[in-house]
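Undergrad: Have a look at this one.
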Amino acid sequence: MSGLLIRDAEVDGRRCSVRVRGSVVAEVGAGLVRAPDEEEVDAAGGALLPGLTDHHLHLFALAAAVSSVQCGPPDVRDRPALRAALHRAVPDRHGWVRGIGYDERVAGSLDATGLDALRADVPVRVQHRSGALWVLNSLAGERTGLAHGRHPGIERDAAGRPTGRLWRADDWLRARLPEAPAPSLAEVGRRLAGYGITAVTDATPRLTPDSVGRLTEEACSGRLPQRLLLLGAPLATPPTARPEPGPWKIVLADSGLPDFTALVEEIGAAHRRGRPVAVHTVTAVSLALLLAALEAAGVLPGDRIEHAAVVPAEAVPVVRRLGLSVVTQPGFLADRGDAFLDGTPPHEHADLYRCASFLRAGVPVALSSDAPYGPLDPWSVIRAATTRRVPGGRTANPAERLTAAEALAAYLAPPHSPGGRPPHLVPGVPADLVLLAVPATEALSDPSADLVRLTLIGGRICYRRS
């Protein structure tokens, strides 16, 4: 078969058929007839949509999570459960245990001593649910030379001894771990396609040439079928490279905010290369620093804010005036919103993960997962954006709710235009499509990944529900 005819689909509210030839949509109309060399799919009135884009995730971390021990809710909720999970874990071929998703609600503020009490017979490293912190037990600290390490993220006690806690020190830690084969992204690609996701933006900052090469190999081999944009591609990467370089990722970590002049210069350096910036900010302080730096450096179309976890009301018009877009993750509210509400002063609750106020102000908003640190399923993120309900039953600022249609649209914009207008299905556009089992109105009344029936990327069927 060299083509595909999707018959009786709902497209923009009307019933029609769509012909795919090669990698593009060839025809859209009511009277299309199957050609001899075409496969035919009866949509039975199901909605045919542009493919979804996850505008912020971390691919290799997501792949590594598959073989890691879950160390936080919902699988692990207390210290005995964490001890049991770590002891059930089978060490890798180098004898290490890797844990992810740790939450302080499980066993408090974990350090090397606390981790030794849970498992000390093998080297163990556990990542905090935020992705910003690794905790090593004593044996892991010995194996990595932590006592003599030089990195600003190595936490030390009053006597200068390492506590086992490493803040944003992934590169330092990775260089001291036993060499491991690059994880395949095949399973990640299958999961993404099953959700109807046809494009992704990897938001890992400052990717090494080796990491870019591995991502390129996964994409070119088809193991990762999704179209790929890299925020962490080296600054000098030409715009014609594949995978494509996206805006330059800058992390404003509140544990060590950069010097203002240095931040202005980094923004300017990216802009001079023709690269917008995508800046991680999760607090009001880091957001204020970013907005001031952009005022000084100037803005470039495509500049964007990543996360925007806490945004004071007075910052919204500034974001609009600067022409920034926002890539945010309301899925965190459904995943662990109780911790946000309990750990944030009540007067800041209205500032958490704003969505509707940005749209009302004319700020483009895209939704994303931040997986593996947030829930990957876009349909669960869409539900979270419409309800803003946290696990304990409270609602995190209902004024920021989106309609289901707005939330879906925030996943449909193409990678280079987060929060932009979703593409129309017309002849000539890339055949990156997702077919749902029901019409759009029904799907939006109860968003669910179970409704995804067929996913096409570049005209190729990458997922078909049996």
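Undergrad: Starting from the amide H of residue 47, placed 1.01 Å from N in the peptide plane, find each other amide H under 5 Å away whose residue is 5 or more places distant or on another chain.
TA: It is 10, 436, 438, 440, by chain and number.
Undergrad: Next question, about the same structure. Would you give the gap between the C-alpha center of segment 182-218 and the C-alpha center of segment 253-323, rounded to a whole Å?
TA: 26 Å
Undergrad: Further question: Solvent-accessible area per residue for segment 150-231 at a 1.4 Å probe radius, Å²? Write down the numbers at each step before the final one.
TA: Values: 4050 Å² over 82 residues.
Spelled out: the 1.4 Å probe surface of segment 150-231, per residue, equals 49 Å².
Undergrad: Still on this structure, please answer the following. For the chain, what % of the accessible area comes from carbon and sulfur atoms, probe 1.4 Å?
TA: Carbon-and-sulfur percentage of accessible area, whole number: 54.
Undergrad: Out of these labelled values of mean projected area of the Cα convex hull in nm², (i) 20.1; (ii) 22.7; (iii) 26.2, which was calculated from the coordinates shown here?
TA: (ii)
Undergrad: May I pose another question? Determine ³J(HN,Hα), in whole Hz, for all residues of segment 444-456 in sequence, where each value follows from phi through the Karplus function 6.51 cos²θ - 1.76 cosθ + 1.60 and θ = phi - 60°; x replaces Gly and Pro.
TA: Calculated HN-Hα couplings, in order: 6, 6, 8, x, 7, 5, 5, 7, 6, 9, 8, 10, 10 Hz.
Undergrad: Can you tell me the dipole magnitude for the chain around its Cα centre, using point charges on the Cβ only (Lys, Arg +1; Asp, Glu -1), in Debye to the nearest 20? If you can, show how the numbers build up before the last one.
TA: Working: 51 positive and 51 negative charges, 63 e Å.
That gives the chain a dipole magnitude of about 300 debye.
Undergrad: Shifting gears a bit: Which whole-Hz couplings ³J(HN,Hα) result when phi for each residue of segment 422-433 is put into the Karplus expression 6.51 cos²θ - 1.76 cosθ + 1.60, θ = phi - 60°, listed in order with x for Gly and Pro?
TA: x, x, 8, 7, 10, x, x, 7, x, 7, 9, 9
Undergrad: Rounded to whole Å, give me the distance from the Cα center of segment 391-449 to that of segment 53-106.
TA: 30 Å
Undergrad: Tell me which residues come under 5 Å, amide H to amide H, from residue 224 once H is placed; ignore anything under 5 positions away on its chain.
TA: Amide H neighbours of residue 224, under 5 Å, 5+ apart: 219.
Undergrad: Now a separate question. Could you give me the ³J(HN,Hα) list for segment 458-466, computed from phi with Karplus coefficients 6.51, -1.76, 1.60 and θ = phi - 60°, whole Hz, x at Gly and Pro?
TA: x, x, 9, 6, 9, 7, 9, 6, 7
Undergrad: Let me spell out the model: positive unit charges on the Cβ of Lys and Arg, negative unit charges on the Cβ of Asp and Glu, origin at the Cα centre of segment 335-421. What dipole size does that give, in debye rounded to 20?
TA: Values: 9 positive and 9 negative charges, 61 e Å.
The calculated dipole for segment 335-421 is roughly 300 debye.
Undergrad: What whole-number value in cubic angstrom gives the convex hull volume per residue for the C-alpha atoms of segment 204-301?
TA: Cα-based convex hull of segment 204-301, divided per residue, equals 109 Å³.
Undergrad: Scan around residue 354 for amide H atoms under 5 Å from its own, H built in the peptide plane at 1.01 Å from N, and keep only partners 5 or more places away or cross-chain.
TA: Result for residue 354 returns 311.
The values are calculated or read from the model by the stated rules, or taken from the named source; none is laboratory data. Being a predicted model, the structure only gives us computed values, none of them experimental. Glycine also receives a Cβ, built like all others from the backbone with ideal geometry; neighbour counts cover every protein chain displayed. Ligands, DNA and RNA are excluded from the accessible area calculation, which covers all protein heavy atoms including side chains. Shrake-Rupley method; radii C 1.70, N 1.55, O 1.52, S 1.80 Å.
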